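Enquirer: First the structure, then my questions, so here it is.
The values are calculated or read from the model by the stated rules, or taken from the named source; none is laboratory data. Because the structure is predicted, anything quoted here is derived from the model rather than measured. Using ideal geometry, Cβ is built from the backbone for each residue, glycine included, and neighbour counts are taken over all protein chains shown. What goes into the accessible areas is simple: the full protein's heavy atoms, side chains included, and nothing from ligands, DNA or RNA. Shrake-Rupley method; radii C 1.70, N 1.55, O 1.52, S 1.80 Å.
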Amino acid sequence: MTQRTYLVTGAASGIGKATAELLISRGERVIGADLQGTDISADLSTSEGRQALVAQAKELSGGVIDGVIAVAGLSHPIPVTASVNYYGALATLEGLRPLLLNSAAPRAVAVDSMASLQTHDEELVEIFLHGTEEEALARSATLAEKPETGHQIYSSSKRALARWLRTAATTDEWAGAGIPLNAIAPGVVLTPMTRELVATPEGRAALNEKVPMPLNGPFEAEVAARLLTWLAGVENSHLCGQIIFVDGGFDALLRGDSTW
Ligand code: NAI
């Protein structure tokens, strides 16, 4: 089998790290990107960082990337979460798309979240989809003022990312160019992002109440990594615009059959 080249953001920790390691263990080539500690150091909350990601990815890959896996994200109730989770993810996918066009079997995957189904701020979601990053940061700053709305920056960023992806995936740029574009939406994954939340029995119980996962509960990053690598692999020829909930049943519990 021909070796493929993957670009994985968030590769220094959690799901991104597990994904990079899984791909490498299968003999694939991985270019990792993160704030630090990987092949490319780039801050995806800034336009300089986003430009650096694309420039360095081009150089390191030699101009061809077979799979882009946009994992990097933040869950803090602060405005920069909006920049990384939405604009950083779009900059990764759209910025690296020209390199995917040079692959014989290009694939792109993002990491969304079950939080996209939780309480969110519709105004912020609309700004993400139709406004500017400056406006999104201003709205996020307002939400960040109160603990009860601060967490909506995260859920809104993931909701907007899912909505963007559903629309973009079928366009000439993606499906029309032969690039499957999909996402996973994990439930609670045991990574540094959730470490504090699950550190105590009380924390675990509270989380279980907020995000019930009847099938096997919270899981290790490798579970998400396996799905990501399949979606970014050659075998995935026809999934398009899907947000796949790998969440132990949380989505099915919450939405039941209402999606049909
Ligand atoms: P993590 O905290 O272990 O890894 C996230 C990585 O993103 C870190 O290495 C971090 O340095 C990087 N990152 C953060 N800000 C960045 C920036 N400005 N520029 C470049 N890289 C940056 O967390 P985890 O759990 O692996 O999260 C990965 C993705 O999975 C995120 O998008 C997160 O929202 C999503 N997710 C996680 C869930 C969980 O329960 N852990 C559940 C659902 C979604």
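Enquirer: Keeping every protein chain present and rolling a 1.4 Å probe, give me the accessible area per residue for the chain in Å². Don't skip to the answer; put the middle values down first.
Expert: Values: 12200 Å² over 260 residues.
I get 47 Å² per residue for the chain.
Enquirer: Something else now. Translational D (Stokes-Einstein, µm²/s) of the chain at 4 °C and 1.567 mPa s when Rh comes from the Kirkwood sum over C-alpha pairs?
Expert: Estimated via Stokes-Einstein, D reaches 71 µm²/s.
Enquirer: Sticking with this structure for a sec: Which is farthest toward the positive dipole end of the chain among 85, 248, 153, measuring Cα position about the Cα centre, with Cβ charges +1 (Lys, Arg) and -1 (Asp, Glu)?
Expert: The Cα lying farthest towards the positive end belongs to 248.
Enquirer: Across every pair of different alpha-carbon atoms, what Kirkwood hydrodynamic radius in Å does the range 104-163 reach? Mind dumping the intermediate values first?
Expert: Details: mean 1/r = 0.0833 Å⁻¹.
One over the average 1/r among Cα pairs gives 12.0 Å for the range 104-163.
Enquirer: For the range 13-125, state the average projected area of the convex hull of the C-alpha atoms over all orientations, rounded to one decimal in nm².
Expert: 7.7
Enquirer: Let me ask something else about it. Using only helices, what value at 222 nm comes out for the chain when you add -39,500 (n - 2.57) per DSSP H run of length 4 or more and divide by the total residues, to the nearest 500 deg cm²/dmol?
Expert: -12500 deg cm²/dmol
Enquirer: Using the Cβ atoms and a cut-off under 11 Å, what net charge is assigned to the surroundings of residue 128, where Lys and Arg are +1 and Asp and Glu are -1?
Expert: Working: positive: 139, 158, 159, 163; negative: 121, 122, 123, 126, 133, 135.
In short, -2.
Enquirer: While we're here: Tell me, how many Å apart are the Cα centres for the range 1-43 and for the range 176-247?
Expert: Using only Cα atoms, the two centres lie 17 Å from each other.
Enquirer: Now for a separate question. Order these peptides, 208-221, 89-102, by their mean beta-carbon neighbour count within 10 angstrom, highest first. Intermediate results must be reported in sequence, preceding the final value.
Expert: Working: 208-221: 15.4, 89-102: 20.2.
Result, highest mean Cβ count within 10 Å first: 89-102, 208-221.
Enquirer: Can you give the net charge of the other residues whose Cβ lies under 12 Å from the Cβ of residue 47, counting K and R as +1 and D and E as -1? The partial results should precede the final answer.
Expert: Values: positive: 50; negative: 43, 48, 133, 134.
Result for the local shell: -3.
Enquirer: Percent of accessible area on the chain owned by carbon and sulfur, 1.4 Å probe? It would help to have the intermediate numbers written out before the result.
Expert: Values: 6620 of 12200 Å².
Using a 1.4 Å probe with all protein chains present, the chain comes out at 54 percent carbon and sulfur.
Enquirer: Something else about it: Taking the alpha-carbon set of the range 64-146, what are its Rg and Dmax in Å?
Expert: Here Rg and the maximum Cα pair distance are 14.6, 49 Å.
Enquirer: Next up: Can you give the three extents of the C-alpha atoms in the range 137-208 along their principal axes, from longest to shortest, in whole Å?
Expert: 49, 30, 17
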